[in-house]
Structures are given as structure tokens and as C-alpha cells.
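Student: Take this structure, written in C-alpha cells, and hold onto it; I'll ask about it next.
We did not get these values from a lab; they are worked out from the coordinates using the rules stated. Because the structure is a prediction, the values reported are computed rather than measured. Methodologically, a virtual Cβ is constructed for each residue, glycine included, from the backbone with ideal geometry; neighbour enumeration extends over all protein chains shown.
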Amino acid sequence: MAQFATGITVLTARGRLAHGMTANAFTSVSLDPPMVLCCVARTARMHDAILDARSFGVSVLSTEQEHVARYFASRGREQGMAQFERVDWFPGRRTGVPLLVGSLAWLECDLAEVYEGGDHSIFLGNVQSASRGGGQALLFVGGGFHHHGTPPAARSA
Ligand SMILES: Cc1cc2nc3c(=O)[nH]c(=O)nc-3n(C[C@H](O)[C@H](O)[C@H](O)COP(=O)(O)OP(=O)(O)OC[C@H]3O[C@@H](n4cnc5c(N)ncnc54)[C@H](O)[C@@H]3O)c2cc1C
């Protein structure tokens with residue numbers, strides 16, 4: 001799967017267990033109605049944060065946000081809303097979930113269904129709002145970050 005190039009998102013949840021987490025297991029599911037899914041490790045704090053909030057936000061990261069991707073994937077960051085003090089964010093207009101300034105796009109989703117998927121859960125979301133920012137896509141492939149338009153260095157087989 002490391003050879004499957006993806007964009008990178010930060011999933012966010014508000015409320016009692018407010019939290020953010022870098023995730024690339026994210027995809028569209030349905031256009032009408034608009035639905036998306038994300039896969040979150042059962043052991044991650046993000047898992048219970050989404051179950052508690054019954055909603056989640058998605059910020060699609062730009063090339064300017066590699067440090068943000070690394071931050072929200074790091075261990076030992078602050079708990080709750082305190083972890084968002086290190087980044088610029090604004091509240092989503094439908095749910096109030098933190099969305100990250102400087103992203104390519106933002107979604108706010110209500111949690112529709114939860115499916116078991118091995119050591120992850122699959123969270124299916126109804127999209128409540130969608131908006132676009134600007135910039136170039138931050139990509140993840142081959143276990144590393146890449147910037148849109150910059151091909152990864154050639155690798156030997
Ligand atoms: C590009 C990229 C894409 C990613 N995509 C996804 C994705 O799609 N889905 C996904 O679930 N994750 C994904 N991750 C991993 C995820 O971002 C990190 O694991 C993140 O730290 C989880 O955040 P959390 O605070 O919710 O979980 P945490 O509470 O930080 O826990 C994360 C894991 O670390 C363990 N852990 C926490 N603290 C310690 C400790 N002190 N000692 C030992 N183990 C500990 C936990 O048991 C758990 O297994 C991705 C990471 C990157 C860089």
C-alpha cells in the first residue's frame with residue numbers, strides 16, 4: 001500500500017474529546033448524497049473522539065502543511081483543544097469542528113455508520129459542508145511526503 005499515492009488529511013473532532021490526527025485512509029464514497037469514509041486505528045485517541053462527537057472534520061493538506069501532517073501524527077502532543085494552539089484553525093460553520101487554515105479543502109461530516117475493519121474502524125460520514133482553499137497537494141507515497149508536481153526520486157526495484 002505504500003506504493004499507492006494519496007493525499008493527506010487531518011481529521012478533527014470537537015467536544016469532550018476534541019482531537020486531531022493525520023490520516024491518508026480517506027476517500028469519497030457517494031456523490032448523491034455526498035459521503036466519505038476514513039479509517040482510524042482502534043487504539044488511536046482519534047477513534048473515541050469521533051465516536052464521542054458523532055461528527056468529524058477533514059482538512060486536505062497543502063504542500064505548505066507538511067509540518068502540520070507531522071505534528072498531528074506525533075505522539076505526546078497536548079490533549080484536547082490545547083493541541084490546536086500550535087496551528088491556525090477556524091471553526092466549521094455547520095459543526096464548529098476545528099478546520100486548519102491553509103488547507104486545500106475542508107469537509108464537515110456527520111457520522112453515518114461505523115464498520116469494523118480489523119484493527120481499524122471505518123467511519124462513514126455524511127458531508128454537511130464542503131469548501132475549497134488554495135495551493136498544491138501534499139502527497140504521501142513510498143513512506144514519505146512529496147509535493148504535487150515533484151516526482152519521488154527514482155527507486156531501484
Ligand atoms: C501520512 C500519514 C498518514 C496516516 N494515516 C492514518 C490513517 O489513515 N489512519 C490512522 O489510524 N492512522 C494514520 N496515521 C497514523 C496517525 O496519524 C498516528 O498514529 C497518530 O499519532 C494517531 O493519533 P492519535 O492521537 O489519535 O493516537 P495516539 O493516542 O497518539 O495513539 C497512536 C498509536 O500509538 C500508540 N501509542 C501512543 N502513545 C504511546 C506510547 N507512549 N508508547 C507506545 N505506544 C503509544 C497507541 O496505542 C496507538 O496505537 C497516519 C500517519 C501519517 C504520517
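Student: Taking +1 at the Cβ of each Lys and Arg and -1 at the Cβ of each Asp and Glu, which of G102, G133, G80 sits farthest along the dipole of segment 6-147 towards its positive end, judged by Cα position relative to the Cα centre?
Tutor: Projecting each Cα onto the dipole axis, the largest value belongs to G80.
Student: What distance in nm lies between label points placed 7 Å from Cα along the C-beta direction at A2 and L124?
Tutor: About 3.3 nm separates the two model spin labels.
Student: Residues of segment 13-54 with amide nitrogen under 13 Å from the 7 Å Cα-to-Cβ point of Q79?
Tutor: Taking a point 7 Å out along Cα→Cβ of Q79, the residues of segment 13-54 whose backbone N falls under 13 Å are 16-19, 45.
Student: Here's another thing I want to ask about it. Name the longest site-free stretch of the chain, where the excluded sites are trypsin sites (Lys or Arg not before Pro) in a DSSP loop with no more than 11 other beta-carbon atoms within 10 Å.
Tutor: Longest site-free region, per DSSP loop and neighbour criteria: 76-154.
Student: For R132 and A44, compute 0.36 nm times the residue count separating them, minus their Cα-Cα distance, and round to one decimal in nm.
Tutor: Separation in residues times 0.36 nm, less the Cα-Cα distance, equals 28.9 nm.
Student: How big is segment 1-96 in terms of Cα radius of gyration and Dmax, in angstroms?
Tutor: Radius of gyration, then largest Cα-Cα span, for segment 1-96: 13.3, 39 Å.
Student: Give me the percent relative contact order of the chain, please, defined on Cα pairs under 8 angstrom at least 6 residues apart.
Tutor: Numbers: 341 pairs, mean separation 44.3, N = 157.
Contact order relative to length: 28 percent.
Student: Counting Lys and Arg as +1 and Asp and Glu as -1, each charge on the Cβ, what is the dipole of segment 41-157 about the Cα centre in debye, to the nearest 20? Write out the running numbers ahead of the final one.
Tutor: Values: 11 positive and 12 negative charges, 46 e Å.
For segment 41-157, the charge dipole is close to 220 debye.
Student: Mean-square fluctuation check for the chain, GNM, Cα pairs under 10 Å: which of A82, A130, A73 is largest?
Tutor: A82
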